[in-house]
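The values are calculated or read from the model by the stated rules, or taken from the named source; none is laboratory data. From a predicted model like this one, the values you see are computed outputs, not experimental measurements. As a convention, Cβ positions derive from the backbone with ideal geometry for all residues, glycine included, and neighbour counts pool all protein chains shown.
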Amino acid sequence: MLEIEKVSVFYGEFQAIFDVSLRVSEGETVITVGPNGAGKSTLLKTISGLLQPRSGSITFLGNRLDRMPAHEIVELGIAQVPEGGRLFPQLSVYENLRVGSFLPRARGEATATLKEIYGLFPILDERKRQYADTLSGGERQMLAIARSLMSRPKLILLDEPSSGLAPRVVTRVFEFVHQIKSQGYAILMVEQNVRKGLQLSDRAYLIESGRIVKEGPRKTFLEDDYIKKAYIGL
Ligand SMILES: Nc1ncnc2c1ncn2[C@@H]1O[C@H](COP(=O)(O)OP(=O)(O)O)[C@@H](O)[C@H]1O
Ligand SMILES: [Mg+2]
């Protein structure tokens, strides 16, 4: 459903992404792993239209995204969860979720979507009247991900959902992502936590210094000597 072909992205004179090609199929969970500064966030921001590639093409369900404004990309069904979630701390859990259904297409269905989300994730129902900033770090990340579902997306972009969380909490957040995956959503996640991220992915890419240096199914990644040595620490 998403095809990225030889995309290069610059910040001024500085090239952050070099000829990156990547695809995500319907219902697939794809992870892009790589160290800090490799270009993971840049890649997601380019897909969601916050940055424009200097060359290459991005196609989503037959539509060219690479010259499209960000709000039109959301309307096509791509939701991005930025690193750290960017919640409104002084709004309740319920209000944060409602903010996610701003699109005309999603607004009419907001009550039904909300009910679905509460059904799937009862913790958010229990906490719906609490301010977002009273939630734990893990719960905040879950709320940010749940909020992205309110726009009724087809593809969800997740920027480092494990960022800043304790290992035990990361496991819970990834279980949450797994539940969303089970609902049939396509997910493209970028992560530094290679071991845990690979566990819930179908396919993976490794990005280093703005270049894709490896790609393959999860199993190949988990068994790869270089990945193990450099990123899993076995
Ligand atoms: N707004 C920006 N202006 C200039 N350089 C940037 C900007 N954002 C990121 N970079 C640079 O682009 C590279 C990739 O950054 P980023 O995509 O944030 O990496 P990652 O998400 O993998 O940690 C890094 O060298 C970073 O310093
Ligand atoms: Mg990043």
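The table below lists the values:
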read-out	value
Filter result for SER163 (within 16 Å of ligand 2 (Cβ to nearest atom), surrounded by fewer than 18 Cβ atoms within 10 Å (Cβ to Cβ) and either of a type in the set (Ser, Thr, Tyr) or at pLDDT 95 or above (or both))	yes
Residues within the range 170-191 that are more than 16 Å from LEU149 (Cα to Cα) and in contact with a strand residue (DSSP E or B) (Cβ under 7 Å, 6 or more places away or on another chain), tallied	2
Helices (runs of 4 or more DSSP H) enclosed by the range 127-234 - at least 1 residues per element that are within 15 Å of ligand 1 (Cβ to nearest atom)	194-199
Exclusive hit being away from ligand 2 (no atom under 16 Å from the Cβ) and closer than 19 Å to LEU200 by Cα, set GLY34, GLY27	GLY27
Filtered residues of the range 18-65 (kept if part of a helix (DSSP H, G or I) and within 9 Å of ligand 1 (Cβ to nearest atom))	LYS40, SER41, THR42, LEU43, LEU44, LYS45
Neighbours by Cβ (under 6 Å, 6+ apart or cross-chain): first from the range 186-201, surrounded by fewer than 23 Cβ atoms within 10 Å (Cβ to Cβ); second assigned to a helix (DSSP H, G or I) and hydroxyl-bearing (Ser, Thr, Tyr)	VAL194/TYR231
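Residue by residue, here is whether (1) among the hydroxyl-bearing types (Ser, Thr, Tyr); (2) at positive phi; (3) within 16 Å of the chain's Cα centre (by Cα) holds:
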{"position": "SER162", "(1), (2), (3)": "yes, no, yes"}
{"position": "GLU175", "(1), (2), (3)": "no, no, yes"}
{"position": "LYS181", "(1), (2), (3)": "no, no, yes"}
{"position": "GLY184", "(1), (2), (3)": "no, yes, yes"}
{"position": "ILE187", "(1), (2), (3)": "no, no, yes"}
{"position": "GLN199", "(1), (2), (3)": "no, no, yes"}
{"position": "ASP202", "(1), (2), (3)": "no, no, yes"}
{"position": "SER209", "(1), (2), (3)": "yes, yes, no"}
{"position": "PRO217", "(1), (2), (3)": "no, no, no"}
